[in-house]
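Working notes for the structure below.
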Amino acid sequence: MPRKRLIAGNWKMHGSVEGSRALVAELTGSNPSVDAQMLICPPAPYLAAARDWVSGSHILLGGQNLSEHVGTGAYTGEHSGAMLEDLGCSHVIVGHSERRSYYHETDALVAAKFIAAQAAGLVPILCVGETLAEREAAATQAVVARQVGAVLDAAGVGAFASAVIAYEPVWAIGTGKTATPAQAQEVHASIRAMLVERDATIAASLLILYGGSMKPANAGELLAMEDIDGGLIGGASLDAAQFLDIFRAAAG
């Protein structure tokens, strides 16, 4: 049975209340699809407002990050998975390349956040991917295997029955470069093969998104690949027309 695609917008640290409201208004005016889901991940301060903006629509809401700590505690500046769930989030991004790079999040910390997300009833979107130096050193497969493997070892393969993976080649984010459909497919297929070794049924249903500068111009070619099930969209998700074009490409 075909996997239902997911197009997720990661707004990163962009926007304003008024601008975000206007963007969501354009998105909620679009038609839902039986073949694809739309998810937006606004900055944390806008989540409460965004919950109201998307209420009654086909749009899902997600967080960009969460604490690895479950429950409450003296963790100033952090927010828990339970808080995201309380705000109406269904998903949360974990292990984004910017978190790994700028905030030095390790594979072990990412695995802990993945587990914390599921403990709160959220679907984690696990981001994995290699830098340009790692790709040029022919280390792509090893890097991605290490990142996925850390979560598999910590959470178990069963956890991936309610998770999403996003492959984001770091060298193709915000650089204007994009992996070719064949390059992206190769990594997506290797990720699915890792899961097949543990549980073929879970592997077959797992959504694997492409997160390396998917745009309207290349979305169709990328989404035509067998193991590319959607996109984790950065800059293009801040433009309603572009984001909707990508969503339509996923919805067929």
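How many of the residues making up the range 86-115 are closer than 13 Å to E68 by Cα and over 16 Å from the mean Cα position of the chain (by Cα)?
6
Return a yes/no flag: does the range 85-103 have any residue that is of a type in the set (S, T, Y), out of contact with any Cys (no Cβ under 7 Å at 6 or more places or on another chain) and surrounded by 20 or more Cβ atoms within 10 Å (Cβ to Cβ).
Applying the first criterion (of a type in the set (S, T, Y)) to the range 85-103 yields 90, 97, 101-103.
Within this subset, residues satisfying the condition of being out of contact with any Cys (no Cβ under 7 Å at 6 or more places or on another chain) are 90, 101-103.
Now drop any that are not surrounded by 20 or more Cβ atoms within 10 Å (Cβ to Cβ), which leaves none.
So far as the range 85-103 goes, no, none of its residues is of a type in the set (S, T, Y), out of contact with any Cys (no Cβ under 7 Å at 6 or more places or on another chain) and surrounded by 20 or more Cβ atoms within 10 Å (Cβ to Cβ).
Looking at T180, T131, which is the one that is among the hydroxyl-bearing types (S, T, Y), within 24 Å of A112 (Cβ to Cβ) and modelled with pLDDT under 95? Break it down stepwise before answering.
Details: T180 fails: within 24 Å of A112 (Cβ to Cβ).
Selected residue: T131, the only one of T180, T131 that is among the hydroxyl-bearing types (S, T, Y), within 24 Å of A112 (Cβ to Cβ) and modelled with pLDDT under 95.
Out of all the residues in the range 63-78, is one or more of a type in the set (D, E, K, R), surrounded by 14 or more Cβ atoms within 10 Å (Cβ to Cβ) and in contact with a helix residue (DSSP H, G or I) (Cβ under 6 Å, 6 or more places away or on another chain)?
The initial filter retains those residues of the range 63-78 that are of a type in the set (D, E, K, R), namely 68, 78.
Filter once more, keeping what is surrounded by 14 or more Cβ atoms within 10 Å (Cβ to Cβ): 68.
Filter once more, keeping what is in contact with a helix residue (DSSP H, G or I) (Cβ under 6 Å, 6 or more places away or on another chain): 68.
Yes, some residue in the range 63-78 is of a type in the set (D, E, K, R), surrounded by 14 or more Cβ atoms within 10 Å (Cβ to Cβ) and in contact with a helix residue (DSSP H, G or I) (Cβ under 6 Å, 6 or more places away or on another chain).
Return the only residue of E68, E18 being over 23 Å from K4 (Cα atoms), charged (D, E, K, R) and in contact with a Leu (Cβ under 8 Å, 6 or more places away or on another chain).
E68
Scan M38, M13, M1 and give me the residue that is at pLDDT 95 or above and either more than 21 Å from the chain's Cα centre (by Cα) or assigned to a loop (DSSP other than H, G, I, E, B) (or both).
Values: M38 fails: either more than 21 Å from the chain's Cα centre (by Cα) or assigned to a loop (DSSP other than H, G, I, E, B) (or both); M1 fails: at pLDDT 95 or above.
Selected residue: M13, the only one of M38, M13, M1 that is at pLDDT 95 or above and either more than 21 Å from the chain's Cα centre (by Cα) or assigned to a loop (DSSP other than H, G, I, E, B) (or both).
What number of residues in the range 119-134 are within 26 Å of R5 (Cβ to Cβ) and either of a type in the set (F, W, Y) or surrounded by 17 or more Cβ atoms within 10 Å (Cβ to Cβ) (or both)? So that I can check it myself, show each step before the final result.
Filtering the range 119-134 down to residues within 26 Å of R5 (Cβ to Cβ) leaves 120-130.
Within this subset, residues satisfying the condition of being either of a type in the set (F, W, Y) or surrounded by 17 or more Cβ atoms within 10 Å (Cβ to Cβ) (or both) are 120, 122-130.
Result for the range 119-134: 10.
Under 7 Å between Cβ atoms, at least 6 apart or on separate chains: pull out the pairs that start in the range 28-50 with a residue that is surrounded by 21 or more Cβ atoms within 10 Å (Cβ to Cβ) and end on any residue that is in a loop (DSSP other than H, G, I, E, B) and charged (D, E, K, R).
Here the result reads A36/K4; Q37/K4, each pair linking the range 28-50 to a residue that is in a loop (DSSP other than H, G, I, E, B) and charged (D, E, K, R).
Just give me the residues in the range 153-178 being farther than 22 Å from G63 by Cα and within 18 Å of the chain's Cα centre (by Cα), in sequence order.
If the condition is that a residue be farther than 22 Å from G63 by Cα and within 18 Å of the chain's Cα centre (by Cα), then W171, A172, T178 are the ones that fit.
The values are calculated or read from the model by the stated rules, or taken from the named source; none is laboratory data. Everything numeric here is computed off the predicted structure, so don't read it as measured data. Don't worry about glycine lacking a Cβ; one is built from the backbone with ideal geometry, like all the others, and counts go over all protein chains shown.
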